[in-house]
There are 2 protein chains.
Amino acid sequence: MDVLGHQPKKSRGVLATLDFNDEDLNSALCEATAVTKEYFDSVNEWRVFPLIQGKRLRHAIRERLPLEPTPPGKVIQKFRQTILENARHNLHPRFFGYVSSSGNPVGAIADLLTSTLNQNVTAWRSAPSAVEIELLAIDWIKEILGYPREAIGMFTSGGSLATLQALAIAREVKAGKNVSRNGMQILGRSRLILYMSEQGHMSIPKAAALLGLGKSSVRTVRADQAFRMELSDLERQIAQDRSRGHRPFCVVASAGTVNTGAIDDLEGISRIGRREGLWFHVDGAYGGFAALVPSICDRFRGIEKADSVSLDPHKWLYQPLDAGCILVRNRRQAYRTFSGSGEYAKVIAGIPGEDFAFFEHGIELSRRFRALKIWMAFKCYGARLLAACIEKNLRMAHVLETLVKANEYLEILAPVELSIVCFRYVPISVQKAYFCARPAQKQELDHRLNRLNEAIMTQLQREGRVYLSNAVLKGRFALRGCILSYRTEERDLRILIDEAVRIGRMWERKV
Amino acid sequence: MDVLGHQPKKSRGVLATLDFNDEDLNSALCEATAVTKEYFDSVNEWRVFPLIQGKRLRHAIRERLPLEPTPPGKVIQKFRQTILENARHNLHPRFFGYVSSSGNPVGAIADLLTSTLNQNVTAWRSAPSAVEIELLAIDWIKEILGYPREAIGMFTSGGSLATLQALAIAREVKAGKNVSRNGMQILGRSRLILYMSEQGHMSIPKAAALLGLGKSSVRTVRADQAFRMELSDLERQIAQDRSRGHRPFCVVASAGTVNTGAIDDLEGISRIGRREGLWFHVDGAYGGFAALVPSICDRFRGIEKADSVSLDPHKWLYQPLDAGCILVRNRRQAYRTFSGSGEYAKVIAGIPGEDFAFFEHGIELSRRFRALKIWMAFKCYGARLLAACIEKNLRMAHVLETLVKANEYLEILAPVELSIVCFRYVPISVQKAYFCARPAQKQELDHRLNRLNEAIMTQLQREGRVYLSNAVLKGRFALRGCILSYRTEERDLRILIDEAVRIGRMWERKV
């Protein structure tokens, strides 16, 4: 250890401080805000993904632990030139990859204030105003979903944490025998079984593994042609598990799958869940905030019956990372699962409302003041404008669908329910062959198309004008565009189509 | 649902955007930076904890979901007047509560840039420069601890997540039978047992509950007079558990307990752990970064032998929330525990280094670019200055200890090892009675002193000139001061002593 070696006397003085003098603080703030302005002004003109070599980037970034200070201006310059230039730009109007928030200026400003004020939102006594703001922002979200007012909620680092937290409560409530205290082994041989659609998110088996349920306790229910959970298969599997002596305890529905944006039949799943005594969790990480849009909010009917909901403001509420969110219908169940803290953190004040502690209702103890940006977004933009942006994304998805369907080289691979469009490039020659092929031949053609479309995606990403990711749907590799930037306009979709077709035509003979 | 009711036509237009015009963006950034400057300039003069009534605060904050926009300037003003004024100020030189980072100007600026750039640090292909910066910052931290270069690490939302992640790997590696897949029940009746000191952190049993081990699988090992784990009791309990057919699998040592700052005998515990085949985790959430200080880094010897380490840059590296950190000696074990993701997130590029994914080595999928502030802090301040600040905190703790010992009303309750000082107020009359009391009488006097010191703490917090929290040490309520603000100077400690004694003298007749 002792990385510093001999410590020179001067820096050991009583004057050690992390504060700058006025001039330096001013100039650091000025330069940082200049970068912020430049970024929001100009990112549309940049490549979506950098022209980059890992080795060269590493060479530009790596250095030994800095012992001596560098002027902040220089460090911000380095950030500008090396980090920002070699980033993928999720705000870009032609970034269509994964499910990534664009971010927005209010979110950036809010996070400056969040880290200036540096609240630790553990409990009311630790951060009174931050706790009140978080509870308020959660109330607004409950209102958007029509979720019960008496529910509890909080912001998390993302959907994975929200899911883990929800399933922990589900396990505690449904397992009985106080598994938090006694461990899963107290349950003996009969397994707790969880159901999700085959289109469900990977965070669900990951949570099941962490919770000691095991990934093998997760049943994947068949999805129909629209990629929604097949209720008959859900019922069949529940019955089968019961007949084998297992204990079905939870069903997770998707309110917007990451592959295609399919929304499960929430009402139907809720009904089966209630009848079978299952915990009903809705994963609305991607789609949840589309409930803000009057023209589509009916599609989310049933979400208000969920025992728990996860949804990500850092997806379709355009918030910068991180801001996940969990809602739990019955706050006592959350408390029962997570309370029982040490004397060290015990809340002493006895005034109602002032003895509230987030850490007694969730996993995290220290918590960033994530609610500030959400509060500021609703205040600065208003819910109507946020809804209008979501609505624009929905409309753009339908424009893209129309463009795909009208293009002779492209085939749509899934219904467009939210803002995800899945399609693939199919050479004219293959289209003809496919038409009169037998199943085995079709499969072979699909393999070829998969390789071709994977090559198209990689090339698109490399060229940097648009960015798509992929989904594999019933064995078919789809180019998958997810529209979550409030900046995406019709011309961006036309560029996407043109580029995909151009590259497809270029590659169709090579693959 | 349909919270918006009738949506007016204008906001449904194609022009929906979250961007401001130039002027508005400039003025929003200006106002936010003005608040930032004001805060760093003036917080020393403020109350540490606000004069506040929950009801009144709630009244000032609560409102219906805003449908229409408010100018950002007005929203920042509301932040300034309502949120900031009603916050606890962790940067304040007389904030001595819990283990809370002060924050620092570079961290605030970095978080502006983080949310402007809004990287999602899931994998190299998603955020090339951010991943490289995170891996670099982690390498620096490994160097500070003398931890193996080939280890893997990442930033988490805090110590609780880091602990959970570490114990998940420990369970996977030590349990055998692929518990991630098969669940804990595959282990049958023999329980996996984890050992921690009775002074260990509450996040450990919380993690054990989540992982399906159960809190009852956590053994609390006796602490000695210096509040360090008693190795003989550890050995005794391991032997006892083995004789009962249980399977000891993990021992968690503290490198700085939250109660008193005690550092366990890491070398000794490591030795026992190796002999017994246990996973050796070190909880350095509070203390870890004190290894930067040459005069004290020897106390951390043995940490480099840990299978995993958790430590919090958002504690003693002065970073704003959130920035926890985990290091894992054997990266393959982390991968084995967390990999196995969906097609959706599969990394396609095959170039070495460019196929790296954090989510295959940890819990979170979406991840904020937490590394930026840590990189910027090391760059802008240099490791020497950060070490000098930590050293100043250590020195201030010894000053406080000296002041306590020199004061006729105060009694020190624990050795001062890092920057925590535990003490209590004891009226002169009680001191005399205590001196010649029998055990039962002493206990009774302790009860009285506990009530008195709790009253002193509450009153101190309310008056707002200093902020202390508490610890309960061997049944005795301690006023607990933790010095983690780089701004704390000797005069602040004198004010703390004066206030505690003044309030003690005021209350000693009432309680």
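The values are calculated or read from the model by the stated rules, or taken from the named source; none is laboratory data. It should be emphasised that the depicted structure is a prediction, and the values quoted were computed from it without experimental measurement. Cβ placement follows ideal geometry from the backbone for every residue including glycine, while neighbour counts extend to all protein chains displayed.
A few comments on the model shown:
- The set of residues in the range B:199-228 that are more than 14 Å from chain A (Cβ to nearest Cβ) and closer than 16 Å to residue B:278 by Cα contains only B:221.
- Only one of the numbered conditions (1) buried (at least 21 other Cβ atoms within 10 Å of the Cβ); (2) in contact (Cβ under 8 Å) with a residue 24 or more places away in the chain is not met by residue B:388, and that is (2).
- Among the residues making up the range A:267-287, those that are closer than 30 Å to residue B:5 by Cα and either touching a Pro at 6+ places or on another chain (Cβ under 9 Å) or surrounded by fewer than 24 Cβ atoms within 10 Å (Cβ to Cβ) (or both) are A:267, A:268, A:270, A:271.
- Reported count of residues in the range A:185-198, each being closer than 12 Å to residue A:249 by Cβ and facing chain B (nearest Cβ under 7 Å), is 2.
- Among (1) more than 23 Å from the chain's Cα centre (by Cα); (2) free of Cβ contacts under 8 Å to residues at least 60 places away in the same chain; (3) within 7 Å of chain A (Cβ to nearest Cβ) - the single one residue B:117 does not satisfy: (2)
- Restricting the search to helices (runs of 4 or more DSSP H) fully inside the range A:131-215 and requiring at least 1 residues that are within 30 Å of residue B:58 (Cβ to Cβ) gives A:159-175.
- Taken over the range A:84-100, the criterion of being more than 7 Å from chain B (Cβ to nearest Cβ) and either among the polar types (S, T, N, Q) or closer than 8 Å to residue A:485 by Cβ (or both) is satisfied by A:92, A:93, A:95.
- Options B:219, B:242; residue that is in contact with a strand residue (DSSP E or B) (Cβ under 8 Å, 6 or more places away or on another chain), closer than 24 Å to residue B:177 by Cβ and in a helix (DSSP H, G or I): B:242
- Of the residues making up the range B:418-455, those that are in a strand (DSSP E or B) and among the β-branched types (Val, Ile, Thr) are B:420, B:421.
- Test: residue in the range B:355-368 that is within 21 Å of the chain's Cα centre (by Cα), under 28 Å from residue B:332 (Cβ atoms) and hydrophobic (A, V, I, L, M, F, W, C): yes
- Condition met for residue B:479 (in a helix (DSSP H, G or I) and either within 30 Å of residue A:118 (Cα to Cα) or modelled with pLDDT of 95 or more (or both)): no
- Qualifying residue in the range A:51-73 (condition: of a type outside the set (Gly, Ala, Ser) and under 30 Å from residue A:397 (Cβ atoms)): yes
- Qualifying positions in the range B:154-189 - under 20 Å from residue B:234 (Cβ atoms) and of a type in the set (S, T, N, Q): B:163
- Scanning the range A:488-511 for residues that are in contact (Cβ under 8 Å) with a residue 24 or more places away in the chain, assigned to a loop (DSSP other than H, G, I, E, B) and surrounded by fewer than 19 Cβ atoms within 10 Å (Cβ to Cβ) turns up A:489, A:510, A:511.
- All positions within the range A:13-46 that are within 7 Å of chain B (Cβ to nearest Cβ), touching a residue at least 24 places away in the same chain (Cβ under 8 Å) and within 29 Å of residue A:94 (Cα to Cα): A:32, A:35, A:36, A:39, A:40
- Within the range B:347-385, the set of residues being facing chain A (nearest Cβ under 7 Å) and either assigned to a helix (DSSP H, G or I) or free of Cβ contacts under 8 Å to residues at least 60 places away in the same chain (or both) comprises B:351, B:376, B:378, B:379, B:380, B:381, B:382, B:383, B:384, B:385.
- Residues in the range A:23-66 that are under 29 Å from the mean Cα position of the chain (by Cα) and basic (Lys, Arg) were compared, and the one that is surrounded by the most Cβ atoms within 10 Å (Cβ to Cβ) is A:47.
- Counting only helices (runs of 4 or more DSSP H) that sit wholly inside the range A:260-346, those with at least 3 residues that are away from chain B (no Cβ under 11 Å) and in contact (Cβ under 8 Å) with a residue 24 or more places away in the chain are A:266-276, A:331-338.
- Index of the failed condition, residue B:70 passing every other in (1) within 23 Å of the chain's Cα centre (by Cα); (2) modelled with pLDDT of 95 or more; (3) at the interface with another protein chain (Cβ under 7 Å from one of its Cβ atoms); (4) in a loop (DSSP other than H, G, I, E, B): (1)
Yes or no, residue by residue, for (1) closer than 22 Å to residue A:65 by Cβ; (2) outside the structural domain of residue B:289 (by TED's automatic domain parsing); (3) touching a Cys at 6+ places or on another chain (Cβ under 8 Å):
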| residue | (1), (2), (3) |
| --- | --- |
| B:96 | no, yes, yes |
| B:117 | no, no, no |
| B:132 | yes, no, no |
| B:143 | yes, no, no |
| B:161 | no, no, no |
| B:181 | no, no, no |
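For every residue, the table says whether it meets (1) at pLDDT 95 or above; (2) in contact with a Cys (Cβ under 7 Å, 6 or more places away or on another chain); (3) surrounded by fewer than 24 Cβ atoms within 10 Å (Cβ to Cβ); (4) among the charged types (D, E, K, R).
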site	(1), (2), (3), (4)
B:304	yes, no, yes, yes
B:319	yes, no, no, no
B:328	yes, no, no, no
B:333	yes, no, yes, no
B:347	no, no, yes, no
B:364	yes, no, no, yes
B:382	yes, no, yes, no
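- Qualifying residue in the range A:400-417 (condition: modelled with pLDDT under 95, part of a loop (DSSP other than H, G, I, E, B) and of a type outside the set (Phe, Trp, Tyr)): no
- For the range A:120-158, taking the residues that are within 10 Å of another protein chain (Cβ to nearest Cβ) and acidic (Asp, Glu), the one that is farthest from residue B:211 (Cα to Cα) is identified as A:143.
- Among the residues making up the range A:275-303, those that are within 19 Å of residue A:100 (Cβ to Cβ) and touching a Ser or Thr at 6+ places or on another chain (Cβ under 9 Å) are A:283, A:284, A:285, A:286, A:287, A:288, A:290.
- When residues of the range B:159-176 are limited to those that are more than 10 Å from chain A (Cβ to nearest Cβ) and surrounded by fewer than 22 Cβ atoms within 10 Å (Cβ to Cβ), the one farthest from residue A:364 (Cα to Cα): B:176
- Given (1) more than 28 Å from residue A:157 (Cβ to Cβ); (2) in a loop (DSSP other than H, G, I, E, B); (3) modelled with pLDDT under 95, number of the condition residue B:56 does not satisfy: (2)
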